[in-house]
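First the structure, in the form of structure tokens, and then the observations on it.
The values are calculated or read from the model by the stated rules, or taken from the named source; none is laboratory data. What you see is a predicted model; the values in this text were computed from it and never measured. Cβ placement follows ideal geometry from the backbone for every residue including glycine, while neighbour counts extend to all protein chains displayed. Accessible surface areas use protein heavy atoms only, side chains included; no ligands, DNA or RNA. Shrake-Rupley method; radii C 1.70, N 1.55, O 1.52, S 1.80 Å.
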Amino acid sequence: MALNKVINSGVLPQQPSYLQGKIRVSNIIGLIVGFGVAIPFIILSAIYFPPLTIVPILGLGVSFGSIMLNKAGSNKLARIIISLLPLVLSATYNMGLSSATDSPVLGVYMVELSFSIIVFLVFDLREKTYMAVLSAIAIAIIMTFDYTKGLWEPEVDASIIREGYVGTMAIINSVLFAFGGVFSLVYQNQQAEKETARLLEEAEESNQRIAQSEVEMKASIEQLKNAQEEEKKRQWASEGLAKLSSILRDYDNAKSMGDRVIAYIIKYLEANQGGLFLVKEDEGEKEIQLLSCYAYNRKKYLKKSIAPGEGLLGQAYLEKEPIYLTEIPSDYVNITSGLGKATPRSLLIVPLKINDEVEGLLELASFNEFAPHEIEFIQTLGENIAATLKNNSINEKTKLLLQASQQQNEEIRAQEEEMRQNMEELQATQEQSERLREELEANQQLLQAKLQELEEAKKINEEAQRVEAERAAKQDKARSRMMDKMAAKYKKE
């Protein structure tokens with residue numbers, strides 16, 4: 001753990017990966033030079049070459065000093081020192097062992113050669129200027145040995161290192177250093193591989209996070225689009241209901257209202273044609289009659305009235321449920337356009353219900369398919385239209401009852417006038433015929449009784465008129481409240 005800490009001295013996360021590797025290699029070289037070369041040569045020098053002991057001691061300081069410089073953040077200076085000074089010191093040591101006429105000591109010379117490769121270990125090709133200058137200096141130091149070997153000649157006996165086991169140990173030391181350099185490169189590669197693997201793992205995690213973020217973002221965008229689309233549909237439905245409510249309030253005539261309503265629905269839905277059918281009852285028999293149509297060209301409905309259970313309209317009336325078809329027989333409906341006649345792509349039949357009672361049916365045909373929100377919108381429209389049709393039907397019945405009551409009142413008044421005239425005639429003839437007096441009195445009593453009955457009938461009719469008027473007023477108020485509630489409901493949604 002401590003060794004790993006020393007090797008990573010000066011390595012910072014923000015540094016490039018290649019620089020981190022070179023700093024580690026320079027620390028390893030510093031440890032190898034210090035423990036593998038400097039300390040053995042200190043011991044060797046202290047025993048056999050005391051005057052030269054200072055040189056390996058300086059080498060020990062250089063090796064550990066380079067590590068300290070890396071730790072302090074001066075990694076370039078540390079690498080320059082570790083790649084150059086050990087070579088200078090080894091050349092100086094060889095110079096002290098050789099006189100001006102001697103050849104260099106082989107073991108020390110091999111140490112010099114092994115030190116000359118340090119520059120290639122601690123610098124990267126990205127730092128080619130440093131590499132070129134320092135390698136040139138190293139070559140110059142080695143090549144100029146014959147010119148510098150006589151500059152320092154301490155009194156030492158170099159025979160033991162030239163011919164004895166000490167020389168062999170120096171050669172072995174140089175070889176071990178070379179292996180140490182190789183080990184530093186292997187270590188650097190291993191660290192680089194670990195770093196690469198870590199970066200790849202981080203990149204993979206980052207890619208996964210980005211992919212997850214993209215998925216979440218797409219999901220959020222999709223949700224937002226869906227919400228906007230739903231809001232647009234609600235707004236569209238609310239506006240349609242509000243406009244229809246205005247149309248229904250403006251008309252009290254069923255035919256005029258039907259024409260305006262079916263035209264509005266066709267245009268608002270961008271359909272092609274449609275019809276509004278009304279359920280009529282005559283002497284207990286019900287039939288479905290065409291009230292209004294828009295761009296209609298229907299072969300099936302030439303008679304414009306359908307019995308319950310007959311065809312799709314009759315089936316929808318009995319089932320009280322919408323019928324939606326996207327596969328329509330070619331002879332069912334033809335749509336006439338500028339391009340000729342064509343079969344519609346979709347057909348929608350919606351019962352107009354209120355309180356589970358069908359007041360009419362709405363049939364729409366289009367070249368386009370109806371969307372689900374459009375079908376729901378039409379069903380809601382159907383409830384409003386059904387309420388209006390129901391109220392119109394009630395109003396028409398009320399009008400008929402009022403007309404019948406007024407006619408009956410006229411008849412009663414005519415009968416009253418006739419009764420009065422008869423009473424006057426009876427009274428005039430009473431003086432003429434005593435014999436008929438009793439009979440006339442009896443007739444008068446009968447007439448008075450009849451008149452009283454007529455008065456009671458008149459009161460009953462007046463009461464019926466008042467009740468019908470109150471019921472009509474209540475129904476108008478109920479219809480208004482129902483339509484306001486439904487409009488508020490759709491606005492709220």
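Identify the residue in segment 311-360 that is at pLDDT 80 or above and part of a loop (DSSP other than H, G, I, E, B) and, among all such residues, is surrounded by the most Cβ atoms within 10 Å (Cβ to Cβ). The extreme case among them is PRO322.
Considering only residues in segment 61-78 that are among the aliphatic types (A, V, I, L, M) and surrounded by 20 or more Cβ atoms within 10 Å (Cβ to Cβ), the one that is farthest from VAL105 (Cα to Cα) turns out to be LEU69.
Annotation: of all residues in segment 138-161 being among the hydrophobic types (A, V, I, L, M, F, W, C) and more than 27 Å from LEU121 (Cβ to Cβ), the one that is farthest from the chain's Cα centre (by Cα) is VAL156. Taken as a whole, the structure places LYS491 among residues that are modelled with pLDDT under 75, of a type in the set (D, E, K, R) and surrounded by 13 or more Cβ atoms within 10 Å (Cβ to Cβ). Residues to consider are ALA449, ALA404, ALA387; find the one that is exposed (fewer than 15 other Cβ atoms within 10 Å of the Cβ), modelled with pLDDT of 75 or more and of a type in the set (A, V, I, L, M, F, W, C). Residue meeting the stated conditions: ALA449.
Just one of the numbered conditions (1) modelled with pLDDT under 80; (2) part of a strand (DSSP E or B); (3) of a type outside the set (S, T, N, Q); (4) surrounded by 13 or more Cβ atoms within 10 Å (Cβ to Cβ) is not true of TYR296: (2).
Here is a yes/no grid of residues against (1) closer than 14 Å to ILE118 by Cα; (2) touching a helix residue (DSSP H, G or I) at 6+ places or on another chain (Cβ under 8 Å); (3) open to solvent by less than 60 Å² (accessible area, probe 1.4 Å); (4) of a type in the set (A, V, I, L, M, F, W, C):
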| residue | (1), (2), (3), (4) |
| --- | --- |
| GLY36 | no, yes, yes, no |
| PHE41 | no, yes, yes, yes |
| ILE57 | no, yes, no, yes |
| ILE80 | yes, yes, yes, yes |
| SER83 | yes, yes, yes, no |
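Within segment 245-273, the set of residues being outside any helix (DSSP H, G or I), in contact with a helix residue (DSSP H, G or I) (Cβ under 9 Å, 6 or more places away or on another chain) and open to solvent by 10 Å² or more (accessible area, probe 1.4 Å) comprises TYR251, ASP252, ASN253, ALA271, ASN272.
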